[in-house]
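These notes are about the structure you will find just below.
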Amino acid sequence: MFRNGSEIITPVPVVLKPHDVALLLKVIAIENRSDSQESDHAYAPIPLRRIAEAARISLSEVHGFRTRALSIGLLRSQGERRVNRTGLMELLTHGVRWVFPASHGGLVRGIPTAHAAPPLSNHLVRGSDPPPVWEHPEGNERGIALSPLYPKVPEAALLDPEYYELLALTDALRSSDTRTRERNLAQTLLQERLERKNMDAF
């Protein structure tokens, strides 16, 4: 709260949206990409339209994401825009489960996520319970519906394997059904991916 002349002004709090988390993960996937085909051309220098296309989300939503993420420090603006990975990891580890929890539905056909998707599934023995999935007609699994961070997540994930991994690991942290061992492993695998050296400018 601060004073402008005789008027007291209360700052409006910035409220993140679920797709903001997903778009931060998308930027990280771009920064981590070893294949420069996308990042050197299609995503330079401030690829808001390309981010929107790749994430299957509207350009206006990406502009809003950028404003919100910069204002709270999850994006840095120092010549190049980069994700504050330490801050994002804190949010994913301690907050995402509570502010953007995953909801579960019935049996549907879809795309595996959380512990049923790589990379977490590569470290676990699959049980007999139906896996968590994002409902999608192109899915090859029948499992329990898990709500994605935004509706077009399945489409966007199918186009980008690294983005898929980041989203699936985040879902493992969002889901109340994730066991402690799985949650700890998801945190470790996510930390490894967030600690990779930034390879491309945003």
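The values are calculated or read from the model by the stated rules, or taken from the named source; none is laboratory data. For clarity, every value in this text was computed on a predicted model and none was experimentally measured. Note: ideal-geometry Cβ built from the backbone for every residue, glycine included; neighbour counts use all protein chains shown.
Let's see how each residue does on (1) within 14 Å of the chain's Cα centre (by Cα); (2) surrounded by 20 or more Cβ atoms within 10 Å (Cβ to Cβ); (3) more than 26 Å from A52 (Cα to Cα):
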site: G87; (1), (2), (3): yes, no, no
site: F100; (1), (2), (3): yes, yes, no
site: G105; (1), (2), (3): no, no, yes
site: H115; (1), (2), (3): no, yes, yes
site: G143; (1), (2), (3): no, yes, yes
site: K152; (1), (2), (3): yes, no, no
site: P161; (1), (2), (3): yes, no, no
Filtered residue count, region 117-126, keeping only those that are exposed (fewer than 13 other Cβ atoms within 10 Å of the Cβ) and assigned to a loop (DSSP other than H, G, I, E, B): 2
Condition broken by S176, with the remaining ones in (1) over 17 Å from the mean Cα position of the chain (by Cα); (2) modelled with pLDDT of 95 or more; (3) not acidic (D, E) satisfied: (2)
Some residue of region 38-54 being under 18 Å from V153 (Cβ atoms), touching a strand residue (DSSP E or B) at 6+ places or on another chain (Cβ under 8 Å) and at pLDDT 90 or above: no
Residue list for region 170-188, restricted to those being surrounded by fewer than 20 Cβ atoms within 10 Å (Cβ to Cβ) and more than 18 Å from G87 (Cβ to Cβ): S176, D177, R179, T180, R181, E182, R183, N184, L185, T188
Tally of residues being in contact (Cβ under 8 Å) with a residue 24 or more places away in the chain, farther than 18 Å from I28 by Cβ and either in contact with a Pro (Cβ under 6 Å, 6 or more places away or on another chain) or not in a loop (DSSP other than H, G, I, E, B) (or both) across region 62-104: 5
Region 9-25, residues that are of a type outside the set (A, V, I, L, M) and modelled with pLDDT of 95 or more: K17, P18, H19, D20
